[in-house]
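I'd like to ask you about the structure that follows.
The values are calculated or read from the model by the stated rules, or taken from the named source; none is laboratory data. The model shown is predicted, which means the values in this text are computed figures rather than measured ones. With ideal geometry, Cβ positions are generated from the backbone for all residues, glycine too; neighbour counts draw on all protein chains shown. Protein only, heavy atoms only, side chains kept; ligands, DNA and RNA dropped before computing areas. Shrake-Rupley method; radii C 1.70, N 1.55, O 1.52, S 1.80 Å.
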2 protein chains.
Amino acid sequence: MNLDDFLSRSRKRLAGFLTEFLDAKKSETAGVNAWGRDVTERLGAYTLRGKMIRGALVLLGCRAAGSRITQDAVRAGAAMELIQSALLIHDDIMDNDILRRGEPSFHRRYAALGGRENIAGAEHFGLSMGLCGGDIAIFLAFEALAGMRTADRQTLAAVRLFARELTLVGLGQMQDLYAGATSRKISEKDILDLYLYKTARYSFSLPLAVGCLIGGGSPALRRGLERCGEHLGLIFQLRDDDLGMFGNEQEIGKPVGSDIREGKKTLHRHLLTERAPAGERKKLEKIFGRADASEKDIQVVRDRAERLGVREEVGRRIEALRRKAEAGIHRLPAAERYRTLLHELLAYSITRKK
Amino acid sequence: MNLDDFLSRSRKRLAGFLTEFLDAKKSETAGVNAWGRDVTERLGAYTLRGKMIRGALVLLGCRAAGSRITQDAVRAGAAMELIQSALLIHDDIMDNDILRRGEPSFHRRYAALGGRENIAGAEHFGLSMGLCGGDIAIFLAFEALAGMRTADRQTLAAVRLFARELTLVGLGQMQDLYAGATSRKISEKDILDLYLYKTARYSFSLPLAVGCLIGGGSPALRRGLERCGEHLGLIFQLRDDDLGMFGNEQEIGKPVGSDIREGKKTLHRHLLTERAPAGERKKLEKIFGRADASEKDIQVVRDRAERLGVREEVGRRIEALRRKAEAGIHRLPAAERYRTLLHELLAYSITRKK
């Protein structure tokens with residue numbers, strides 16, 4: 001079974017569980033008020049539109065531990081996806097994003113509902129309802145997780161692992177907000193720490209570790225998976241930044257240069273500012289964060305980043321991480337077929353064009 | 001020991017645990033970024049400023065179950081208070097409240113920080129940072145809860161109880177937002193359901209039930225406590241509404257009539273609209289929700305509510321609930337001293353002037 005098969009099979013199982021779980025919650029909350037039905041349906045549709053890679057990694061972690069994919073692993077994977085929905089919903093509020101996966105973002109749908117019902121301040125109404133929806137997704141995730149049937153000790157360890165890691169994600173998000181807003185210089189270490197906690201550990205290490213825990217894997221395997229997850233996740237993020245700056249608009253599905261226009265403090269930007277001669281630096285810094293930067297402005301940034309070897313340097317970092325990840329996966333005390341899936345995931349992280 | 005003593009002793013123990021727990025998290029997250037220290041300190045100060053009644057009710061539930069107050073009960077009480085902080089922080093964002101307990105609300109402090117650092121869009125920066133802070137408080141609460149040391153089975157049951165009830169609180173909050181914003185008529189049942197889920201069950205039933213569970217109480221006791229909690233909580237909310245409309249400004253510490261100016265859909269308002277003759281009804285409805293309603297307008301609403309027997313009717317509802325609560329507490333299979341504390345809490349709910 002290759003990675004694509006594994007992901008699509010996982011997605012199916014996760015979707016099945018989520019549908020059942022949310023349907024049950026819908027019935028359970030029907031008596032509370034009309035929002036019980038409303039929000040469970042919306043959260044279901046929202047979550048099911050995702051690729052569910054994090055949920056699938058829970059299943060992969062469980063498999064790597066030598067276990068079959070249990071109902072509990074599926075449950076934990078689904079909890080992971082509900083959390084992911086919650087974080088995306090809250091992120092879109094913070095970033096004022098009106099679109100998510102090509103459709104109106106979660107809170108914007110409530111703003112639209114407010115508009116249809118002539119509610120004064122429909123925008124803020126939407127934001128507030130979205131905020132609640134995100135909170136509810138968090139509560140549902142913990143309920144799903146705490147409902148596992150295996151050893152209670154293991155279930156509790158999974159709950160703690162989740163809760164602890166999510167606090168770090170929250171701190172990463174705060175740093176992201178601050179870095180994006182402040183005119184202070186953000187150090188390279190700050191940028192990489194943000195990538196580590198907001199993306200890498202949360203999206204890769206956490207699901208693999210939770211799956212390993214549920215599958216009864218050894219502490220050594222769990223540590224190994226967490227470590228590989230960190231490398232994989234950092235590569236994923238650096239590649240994301242690279243696509244955001246140099247990618248093909250048709251392929252990545254969002255305007256190239258949006259990271260530049262949003263003023264994101266990426267590693268590319270950091271290196272570019274470091275390397276540019278003083279005169280040029282000011283000019284470049286004026287382009288970052290300007291929502292109305294022209295195509296030509298964006299092209300200037302891209303050119304300089306190429307010319308000053310920024311892209312090459314990021315490529316070198318990715319290559320160094322790839323070697324570490326490669327070696328880490330190779331050493332994992334897990335069956336070869338699951339190591340192969342991780343190798344495939346690593347290759348995909350590096351070569352993906354969107 | 002009377003209720004005041006019990007509450008102040010509980011508060012001390014909860015504060016002690018919270019301080020220790022958050023200090024540990026501060027050290028643990030110090031390496032992530034500067035926000036680890038920042039947010040744990042803020043959440044600590046914020047939570048410690050509260051009366052911590054919900055946390056104390058966890059301890060009371062544990063006592064009622066015939067147990068001494070264990071470290072786990074204190075831990076669960078502290079988790080309850082962290083959740084309460086999270087909900088208040090998110091609520092203040094939704095309600096655009098700039099003050100909480102006489103000081104700038106959580107997100108407004110971050111907006112002020114943004115202002116000091118010349119961050120563009122400091123308001124939205126504050127909102128976003130506050131949103132993250134609330135999320136982190138939720139994650140910390142679940143981490144604290146899942147760290148209990150008693151029987152794992154019991155701990156998991158407590159986590160599930162928390163998560164499940166919090167979803168209902170979220171739905172109550174959505175209904176509250178909608179009811180406050182829509183021009184549609186909200187039925188009496190909707191209002192009372194909102195009171196039940198957003199206030200009564202969450203603030204009274206949940207902590208008592210969690211405490212009972214940790215103390216090893218019988219299912220019968222737990223059900224009894226939950227039921228008493230519902231009655232107590234409804235009384236508390238109705239009394240709150242009454243103080244908001246008729247209370248003494250000096251005593252309640254907020255402008256009388258603020259519920260009227262905010263357009264809150266209270267039971268008082270519902271009954272008033274039902275009972276007012278058609279001509280008068282329109283005039284009254286124009287006053288509700290008008291932020292600039294004059295003192296005289298507020299007085300008109302108060303007079304009509306008195307004259308049309310609205311206040312009396314709410315008083316009758318409170319009395320009916322009081323009788324049920326009274327009987328419920330009397331029947332609880334718990335030691336007399338803890339039933340006495342609940343009787344005291346009931347009396348306080350009814351007679352309180354702020």
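When the residues of the stretch A:214-232 are filtered to those that are within 21 Å of the chain's Cα centre (by Cα) and of a type in the set (A, V, I, L, M), which remaining residue is surrounded by the most Cβ atoms within 10 Å (Cβ to Cβ)?
Initially, the stretch A:214-232 is screened for residues within 21 Å of the chain's Cα centre (by Cα), giving A:222-232.
Imposing the further condition that a residue be of a type in the set (A, V, I, L, M) reduces the set to A:225, A:232.
On the way: A:225: 32, A:232: 29.
Among those residues, the one meeting the criterion is A:225.
Of all residues being facing chain B (nearest Cβ under 10 Å) and charged (D, E, K, R) in the stretch A:89-106, which is most open to solvent (accessible area, probe 1.4 Å)? Just the residue, please.
Per the criteria, the residue is A:95.
Is one or more of the residues making up the stretch A:333-346 assigned to a helix (DSSP H, G or I), in contact with a His (Cβ under 9 Å, 6 or more places away or on another chain), open to solvent by less than 20 Å² (accessible area, probe 1.4 Å) and under 25 Å from residue A:215 (Cα atoms)?
yes
Just one of (1) in contact with a Ser or Thr (Cβ under 9 Å, 6 or more places away or on another chain); (2) in a helix (DSSP H, G or I); (3) within 8 Å of chain A (Cβ to nearest Cβ); (4) open to solvent by 10 Å² or more (accessible area, probe 1.4 Å) trips up residue B:118, so point out which.
Condition not satisfied by residue B:118: (2).
For the stretch A:127-144, indicate whether the set of residues that are assigned to a helix (DSSP H, G or I) and open to solvent by 30 Å² or more (accessible area, probe 1.4 Å) is non-empty.
No: the stretch A:127-144 contains no residue that is assigned to a helix (DSSP H, G or I) and open to solvent by 30 Å² or more (accessible area, probe 1.4 Å).
From B:42, B:75, B:109, grab the single residue that is part of a helix (DSSP H, G or I), within 14 Å of chain A (Cβ to nearest Cβ) and either within 23 Å of residue A:197 (Cα to Cα) or over 24 Å from the mean Cα position of the chain (by Cα) (or both).
B:42
Collect the residues in the stretch A:21-76 that are of a type in the set (S, T, N, Q), without any contact (Cβ under 8 Å) to a residue 12 or more places away in the chain and open to solvent by 30 Å² or more (accessible area, probe 1.4 Å), keeping them in residue-number order. Show your work before the answer.
Taking the stretch A:21-76 first, the residues of a type in the set (S, T, N, Q) are A:27, A:29, A:33, A:40, A:47, A:67, A:70-71.
Imposing the further condition that a residue be without any contact (Cβ under 8 Å) to a residue 12 or more places away in the chain reduces the set to A:27, A:29, A:33.
Answer for the stretch A:21-76, where residues must be of a type in the set (S, T, N, Q), without any contact (Cβ under 8 Å) to a residue 12 or more places away in the chain and open to solvent by 30 Å² or more (accessible area, probe 1.4 Å): just A:27.
Also: Please enumerate the residues belonging to the stretch A:274-314 that are farther than 12 Å from residue A:260 by Cβ, touching a residue at least 12 places away in the same chain (Cβ under 8 Å) and not charged (D, E, K, R).
Those that are farther than 12 Å from residue A:260 by Cβ, touching a residue at least 12 places away in the same chain (Cβ under 8 Å) and not charged (D, E, K, R): A:276, A:308, A:309, A:310, A:314.
Scan the stretch A:92-105 and give yes if some residue there is among the charged types (D, E, K, R), on the phi > 0 side of the Ramachandran plot and modelled with pLDDT under 95, otherwise no.
Yes, there is a match, as at least one residue in the stretch A:92-105 is among the charged types (D, E, K, R), on the phi > 0 side of the Ramachandran plot and modelled with pLDDT under 95.
Among the residues of the stretch A:282-301, how many are more than 15 Å from residue A:180 (Cα to Cα), touching a helix residue (DSSP H, G or I) at 6+ places or on another chain (Cβ under 6 Å) and open to solvent by 30 Å² or more (accessible area, probe 1.4 Å)?
Counting residues in the stretch A:282-301 that are more than 15 Å from residue A:180 (Cα to Cα), touching a helix residue (DSSP H, G or I) at 6+ places or on another chain (Cβ under 6 Å) and open to solvent by 30 Å² or more (accessible area, probe 1.4 Å) gives 1.
Give the residue, chosen from B:261, B:222, that is at pLDDT below 95 and not aromatic (Phe, Trp, Tyr).
After ruling out the rest, the residue left standing is B:261.
Next question. Would you confirm whether or not the stretch B:134-149 contains a residue that is more than 8 Å from chain A (Cβ to nearest Cβ) and of a type in the set (Asp, Glu)?
no
When only residues in the stretch A:150-159 that are at the interface with another protein chain (Cβ under 8 Å from one of its Cβ atoms) and crowded, with 17+ Cβ neighbours inside 10 Å count, which is nearest to residue B:135 (Cα to Cα)?
Restricting to residues being at the interface with another protein chain (Cβ under 8 Å from one of its Cβ atoms) and crowded, with 17+ Cβ neighbours inside 10 Å, the top hit is A:159.
What tally of residues in the stretch A:161-192 results from selecting those that are facing another protein chain (nearest Cβ under 9 Å), at pLDDT 95 or above and open to solvent by 30 Å² or more (accessible area, probe 1.4 Å)?
Adding up the residues that qualify gives 1.
Please tell me if residue B:31 is over 21 Å from residue B:207 (Cα atoms), within 14 Å of another protein chain (Cβ to nearest Cβ) and part of a helix (DSSP H, G or I).
no
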